[in-house]
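Colleague: For reference, the structure I am asking about is given below.
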Amino acid sequence: MTPLGAIDFSRRNALTELMDSDATDFATFRDCLVDLAKVNRLTLAYRPTLRFFADLAKALPRDRTASVVDVGSGFGDMLRKIDRWAARRGLRLDLTGVDLNPWSARTATAATAPDRSIRYVTANIFDYRPSQPIDIVISSLFTHHLDDASLVRFIAWMEANAAIGWFVNDLHRHPLPYHAFRIASRALRFHHFVQHDGPISIARAFDTHDWRDALAAAGLAPGVAEIRPQFPFRLCVARVKA
């Protein structure tokens, strides 16, 4: 890992995450995803996205099933959370997870009850051709994996494809969570990928200025999308069209 003194939190870092390697085998990737789900529970990672859906509930169609695409869906734990949230409220959602890594779909499918309306697709999101129009696009801990140009392209893709709205749930670049996660992940004996990649994810993440620049570069006028700081050290972006 890059020495601590080399981390410059004033800008995004281009450090490489182990789980992004094409050489990762299935068992290693699966075990990493399982531990990442534990991290998500401990860090309240699901709350911002579920809050977005709660705010959006009145805009969801009642006469048909709304389609939701989760980009970079990983273990599928975010989609399973949304599925349970919607079921308790009598809302009909068709949920699709899209991830570039083929081990993701295999792992997520095994962890998802077969009777639920959740499916997983292996694809580059820019090549993805959905079978039906998309109402809502979400991503959780995905955008920090992108370079700046791909981030702008992704924002434009969401804006063009999401009929009702889109939501990005990601990290806030800051030294405090970076150092805290380094210590906690080792103390809790998380998977070695998680110990390595967690701090790097924070170093690769965004601040408010980064998001403003990316939104503008994607053609969104100021105020069209809302940048939302969330506890603890999350920086989310919400866009509602309805």
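The values are calculated or read from the model by the stated rules, or taken from the named source; none is laboratory data. These figures come from a predicted structure and were not determined experimentally. Neighbour counts run over all protein chains shown; Cβ positions are idealised from the backbone, glycine included. Accessible surface areas use protein heavy atoms only, side chains included; no ligands, DNA or RNA. Shrake-Rupley method; radii C 1.70, N 1.55, O 1.52, S 1.80 Å.
Colleague: Ignoring ligands, DNA and RNA, how do Glu17, Glu226 rank by accessible area with a 1.4 Å probe, largest first?
Modeller: Result, largest first: Glu226, Glu17.
Colleague: Largest first and in whole Å, what are the equivalent-ellipsoid semi-axes of region 111-174 based on the Cα gyration tensor, each being the root of 5 times an eigenvalue?
Modeller: Listed largest to smallest, the semi-axes of region 111-174 are 22, 16, 12 Å.
Colleague: Further question on the same structure: Consider just the alpha-carbon atoms of region 11-123 and return their Rg together with their Dmax, both in angstrom.
Modeller: 15.2, 46
Colleague: Under a point-charge model restricted to the Cβ atoms of Lys and Arg (+1) and Asp and Glu (-1), what is the dipole moment magnitude of region 97-239 relative to its Cα centre, in debye to the nearest 20?
Modeller: For this selection, approximately 460 debye.
Colleague: Compute the semi-axes of the equivalent ellipsoid of region 196-238, taking the square root of 5 times each eigenvalue of the Cα gyration tensor, and list them largest first in whole Å.
Modeller: Computed over region 196-238, the values are 22, 12, 6 Å.
Colleague: Ignoring everything except DSSP H segments at least 4 long, calculate the 222 nm mean residue ellipticity for the chain; use -39,500 (n - 2.57) per segment, divide by total residues, nearest 500.
Modeller: Theoretical 222 nm ellipticity from helices: -13000 deg cm²/dmol.
Colleague: Let me ask something else about it. Using a 1.4 Å probe, what is the accessible area per residue for region 176-240, in Å²?
Modeller: Heavy-atom accessible area per residue stands at 48 Å².
Colleague: Continuing with this model, one more query. Determine the share of region 123-228's accessible area contributed by carbon and sulfur atoms, expressed in whole percent, with a 1.4 angstrom probe. Intermediate results must be reported in sequence, preceding the final value.
Modeller: Working: 2550 of 4570 Å².
Whole-percent figure for carbon plus sulfur exposure: 56.
Colleague: Between Lys38 and Ala216, what is the FRET efficiency for a Förster distance of 25 Å, r being their Cβ-Cβ separation, to the nearest 0.05?
Modeller: Between Lys38 and Ala216 the formula returns 0.10.
Colleague: Let me know the charge dipole size of region 16-76 about its Cα centre in debye, to the nearest 20, where only the beta-carbon of Lys, Arg (+1) and Asp, Glu (-1) is charged. Before the final figure, lay out each step's value.
Modeller: On the way: 8 positive and 9 negative charges, 123 e Å.
The dipole of region 16-76 has a size of about 600 debye.
Colleague: Report, as a whole number in µm² per second, the diffusion coefficient that Stokes-Einstein gives for the chain at 4 °C and 1.567 mPa s using the Kirkwood radius over alpha carbon pairs. Kindly include the intermediate steps, with their values, before the conclusion.
Modeller: On the way: Rh = 18.3 Å.
After rounding, the answer is 71 µm²/s.
Colleague: Using Cα springs under 10 Å in a Gaussian network model of the chain, which residue among Ala14, Ala111, Ala180 shows the largest mean-square fluctuation?
Modeller: For the chain, modelled as a Gaussian network with Cα springs under 10 Å, the answer is Ala180.
Colleague: Mind checking which of Thr143, Thr107, Ile164 is farthest towards the positive end of the chain's charge dipole, using Cβ charges of +1 (Lys, Arg) and -1 (Asp, Glu) about the Cα centre?
Modeller: Result: Ile164, furthest along the dipole toward the positive end.
Colleague: Whole percent per 5 Å bin, from 0 to the bin with the longest distance: what is P(r) over all C-alpha pairs of region 145-242?
Modeller: Final binned percentages: 3, 13, 22, 21, 16, 11, 8, 5, 2, 0.
Colleague: Continuing with the same structure: Can you tell which of Phe52, Val34, Phe9 lies farthest toward the positive end of the dipole of region 1-65, using +1 and -1 charges on the Cβ of basic and acidic side chains (Lys, Arg; Asp, Glu)?
Modeller: Of Phe52, Val34, Phe9, it is Phe52.
Colleague: For region 37-133, what does the accessible surface come to per residue with a 1.4 Å probe? Please give it in Å².
Modeller: Dividing the accessible area of region 37-133 by its residue count gives 50 Å².
Colleague: Treat every Asp and Glu Cβ in region 152-227 as -1 and every Lys and Arg Cβ as +1, leave all other atoms uncharged, and give the resulting dipole magnitude about the Cα centre to the nearest 20 debye. Spell out each step's value before the answer.
Modeller: Details: 7 positive and 7 negative charges, 84 e Å.
Dipole size: approximately 400 debye.
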